[in-house]
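Read the structure below first, then the notes.
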Amino acid sequence: MWITFAFLSAALLGLYDVCKKHALADNAVIPVLTANTLLCSAFFLPFIFGGAIGTGDLRAHSLVLLKSMIVLGSWVCGYFAMARLPLSTVGPINATRPVLTLTAAMFVYGERPGFWQWAGIVSAMTGLLLLSRSSRSEGIHFTHDRGILLLAAATLLGTASGLFDKYLMSAGGACLDRLFVQGYYNLYQALLMSFACLLLHGRGKNGRKPFRWRRSIVLVSLFLTLADLCYFYALSLDGAMIGIVSMARRSSVVVSFVCAAVLFKEKNLRAKAFDLALVLLSIVCLALGSRTNSTTSE
């Protein structure tokens, strides 16, 4: 069951990336990110003030605040990278997160993937590494491109956030309620980002891109909130493996790849078709692996 919600989260995450690319096109990055955090927070305010989400103690809020800072750092780097790079390049690089997460999870949580899950991981990473190489023909130099460096930082912070999520909601960790985590971390992000926007964008406007409101900004927040709901629910289920959930979520590259071709008319996509087929194969392997584990546990 948890793998189903992981893949549903991936589809929503792909739509989130597409809307984010549209919202950031020739637009001011910091205000777009601020608007996104405010809207995501607004979705949960009725539940927080209505009592549907628990209040929590000081320790719980401190942990969620730390998560907010990690995620916000990843978002800031990722948004600036998205504004600079093609969507068909951002997706494959983001998809390297599960490898980092799985490697760390093996040491931190003792997770051990099965045969089919390893096959899925190898297939996905082979395809995604080849896909990343294909982007070189577009004039993107991975060793010194600022957008690539920002995306690498976003990837590392995103990996740290994934490991921290497992600790926050697992029975052996902080054991926090998933709605409490999602509700308050969105609230803290909105407060932190509003302050940063006033500080960084509110003054010295000369030379800065003007902020343009677009309806896609609302869709960014909507798809992200729904994707996170599915993600947190998947992690809360018995037997959920953070490394595999993270890998499944990175299959969002399929959605973003298709939209890069259809909506944004990006170039060099035909050369990446074989690489994308390996990503699709990895999804099948992961699904087979999760079913095998489920049958064995029963």
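Electrostatic bookkeeping for residue 272 treats Lys and Arg as +1 and Asp and Glu as -1; over the other residues with beta carbon under 13 Å from its beta carbon, the sum is +1. In terms of its C-alpha gyration tensor, segment 20-179 has an oblate overall shape, because the principal axis ratio a/c (a ≥ b ≥ c, square roots of the eigenvalues) is not below 1.5 and a/b does not outweigh b/c.
Under the rule a/c < 1.5 gives rounded, and otherwise a/b versus b/c splits prolate from oblate, where does the chain land using the Cα gyration tensor? Since a/c reaches 1.5 but b/c is at least a/b, the shape of the chain is classed as oblate. Phi angles of segment 75-80 translate, via the Karplus equation with coefficients 6.51, -1.76, 1.60 and θ = phi - 60°, into HN-Hα couplings of 5, 4, 5, x, 5, 5 Hz per residue; Gly and Pro are given as x.
For residue 56, no residue 5 or more places off, or on another chain, has a built amide H under 5 Å of its own. Does segment 135-291 come out rounded, prolate or oblate, given a ≥ b ≥ c as the square roots of the eigenvalues of its C-alpha gyration tensor, rounded meaning a/c under 1.5 and, failing that, prolate meaning a/b above b/c? Judged from the Cα gyration tensor, segment 135-291 comes out oblate (a/c at least 1.5, b/c at or above a/b). Between residue 284 and residue 208, the FRET efficiency estimated from the beta carbon spacing at R0 = 35 angstrom works out to 0.15. Straight-line cross-link partners of residue 166 among the lysines, defined as a Cα under 17 Å from its Cα and at least 8 positions apart when in the same chain: 67. When the charge dipole of the chain is built from unit charges on Cβ atoms (+1 for Lys and Arg, -1 for Asp and Glu) and taken about the Cα centre, the candidate among 153, 89, 173 whose Cα reaches farthest toward its positive end is 89. Excluding same-chain neighbours fewer than eight residues apart, the aspartates and glutamates reachable from residue 265 by a Cα-Cα span under 20 Å are 17, 26, 138, 275. Computed from point charges on the beta carbon alone (+1 for Lys and Arg, -1 for Asp and Glu), the dipole magnitude for the chain about its Cα centre is near 1060 Debye. Rounded to whole Å, give me the distance from the Cα center of segment 35-76 to that of segment 214-273. Each part's Cα centre sits 21 Å from the other's. Run down the lysines and flag those whose C-alpha is under 23 Å from the C-alpha of residue 272, throwing out any fewer than 8 positions away in its chain. Here the lysines satisfying the reach criterion relative to residue 272 are 20, 21.
Each value in this text was obtained by applying a stated rule to the coordinates, not by laboratory testing. Everything quoted here is computed from the prediction, not taken from an experiment. No Cβ is skipped: glycine too gets one built from the backbone with ideal geometry, and neighbour counts run over all protein chains shown.
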